[in-house]
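The values are calculated or read from the model by the stated rules, or taken from the named source; none is laboratory data. If you're wondering where the values come from, they're calculated on a predicted model, not measured in any experiment. Note that we place each Cβ from the backbone using ideal geometry, even for glycine, and neighbour counts take in every protein chain shown.
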Ligand SMILES: Cc1cc2nc3c(=O)[nH]c(=O)nc-3n(C[C@H](O)[C@H](O)[C@H](O)COP(=O)(O)OP(=O)(O)OC[C@H]3O[C@@H](n4cnc5c(N)ncnc54)[C@H](O)[C@@H]3O)c2cc1C
Ligand code: SF4
Ligand code: SF4
């Protein structure tokens, strides 16, 4: 298997799927030739078409219907939620997914007996936007909440100088605590649009530990520093997190339980899901989307096309010539937030209180999630799993990784002894780490409308209007899309 090094953006999905551990990564993937058996699994796991098989692959041509009411480009959580809702409403729907697994950045892959996430750590539980959307689809999941494992705090705080606090409020001096609570209470009534989270909180208190913690929390939630995150977004995230409280929960089995349940519900409702089936083009005629062309050349007509593949791919699939110039500029102007996660498995626990650790004052690592604190079954071998999240500031991913490892050693003096394996995963280029915002101009209501300027073409997923914690904002946009589609479906039938 050949690898086109320059295309690699460092996600490490190929490392996770390779059954022979024939791929290593230091921010860029490398194939260890004498371990490779040419099984081609990495080919179907790479979002960036980095792999070139030594022997050309047989074309994969699943059977598709002649026509669908709706076709969905991409089986991310946004695409799957929208498709399932439409299928349950009786519409023939097909979801075409390029990768060999559904869920995009919101699922887990088995690696060395552990469930390793492709991006998202957790949903906020049954009361979150995602939880309520699933319930509306008739999907009931088992969750394990903080309360179930005898905890009350979602996160504790640890500085690289060794200070550790069981919660943010425990960390703050009485004055800083009052100031922070006042800021959040006032923020509930609204904050000016152009104020950053840092400046907003600094207007209430200049306590350096508070400002460092706000920065770590903002970056953990979004990949953006508190100087780039709008205050409104920070307030929303804080309120969402507090509302979840001790009900903060993750689905038993990880976020892929959500994806498994959605794919099952989609199929039960008669919808089709095609993996390893990239869409090459969105067909547009007379200013209207009329279906898609698959990479194998077949055309699949549909009344509406839902795009779940992000703004950059939208331009590529639709073609710039079909997009109004202002809209094209807007799409091209959106820049993904570069970030990374260092996924670690350890013999001994690194921390044993709240499942999330905020780490202000580090050079790179801002927050660490310990999924096995809530669901030890995620590691079959009884290891402790940690997902250390860090914003990426430089193109030298290997150097960024070294800084994150240095942070881990400062935070946990026994880190090297406890570590069994680790996988660095970078979210850069076309596969960005956007959680709550793509850029300062692309959060909340500033995000893209699900209804595009091309008739019959709609958007779902992370880029679409909505506010909240990370992927939990996605169902907000899907609901808007479904409202819009009810009318247009009704008119066409
Ligand atoms: C490190 C990290 C941590 C995160 N943590 C959390 C968290 O704890 N909680 C949370 O809620 N969210 C979290 N997020 C955010 C969350 O992962 C994303 O918001 C969410 O997964 C985005 O979903 P989406 O529906 O927009 O689609 P995506 O996951 O981006 O999926 C899009 C799909 O479209 C497919 N596709 C693209 N082009 C084509 C094509 N031409 N043909 C066919 N298919 C195509 C892709 O292969 C992909 O599967 C995190 C993200 C990262 C990176
Ligand atoms: S072809 Fe198979 S064995 Fe070779 S690197 Fe890819 S996944 Fe691993
Ligand atoms: S982009 Fe991701 S899947 Fe593709 S080669 Fe690089 S690390 Fe592997």
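A few notes on this one:
- Positions within segment 4-29 being surrounded by fewer than 20 Cβ atoms within 10 Å (Cβ to Cβ) and either within 9 Å of ligand 3 (Cβ to nearest atom) or over 21 Å from residue 341 (Cα atoms) (or both), in sequence order: 4, 5, 7, 19, 20, 28
- The number of residues in segment 276-287 being within 17 Å of residue 306 (Cβ to Cβ), outside any strand (DSSP E or B) and either out of contact with any strand residue (DSSP E or B) (no Cβ under 6 Å at 6 or more places or on another chain) or not assigned by TED's automatic domain parsing to the domain that holds residue 97 (or both) comes to 1.
- The set of residues in segment 329-350 being out of contact with any strand residue (DSSP E or B) (no Cβ under 8 Å at 6 or more places or on another chain) and modelled with pLDDT of 95 or more is empty.
- Being touching a helix residue (DSSP H, G or I) at 6+ places or on another chain (Cβ under 8 Å), under 22 Å from residue 354 (Cβ atoms) and in a helix (DSSP H, G or I) is a property that residue 181 lacks.
- Which numbered condition residue 65 fails, given (1) touching a strand residue (DSSP E or B) at 6+ places or on another chain (Cβ under 8 Å); (2) surrounded by 18 or more Cβ atoms within 10 Å (Cβ to Cβ): (2)
- Test: residue 150 is within 19 Å of residue 263 (Cβ to Cβ) and surrounded by fewer than 22 Cβ atoms within 10 Å (Cβ to Cβ): no
- Residue, farthest from ligand 1 (Cβ to nearest atom), within segment 23-41, restricted to residues that are touching a strand residue (DSSP E or B) at 6+ places or on another chain (Cβ under 6 Å) and closer than 25 Å to residue 59 by Cα: 31
- Segment 1-22, subset touching a residue at least 24 places away in the same chain (Cβ under 8 Å) and over 26 Å from the mean Cα position of the chain (by Cα), residue farthest from ligand 1 (Cβ to nearest atom): 2
- Subset of segment 42-55 [surrounded by fewer than 18 Cβ atoms within 10 Å (Cβ to Cβ) and either assigned to a helix (DSSP H, G or I) or away from ligand 1 (no atom under 14 Å from the Cβ) (or both)]: 52, 53, 54, 55
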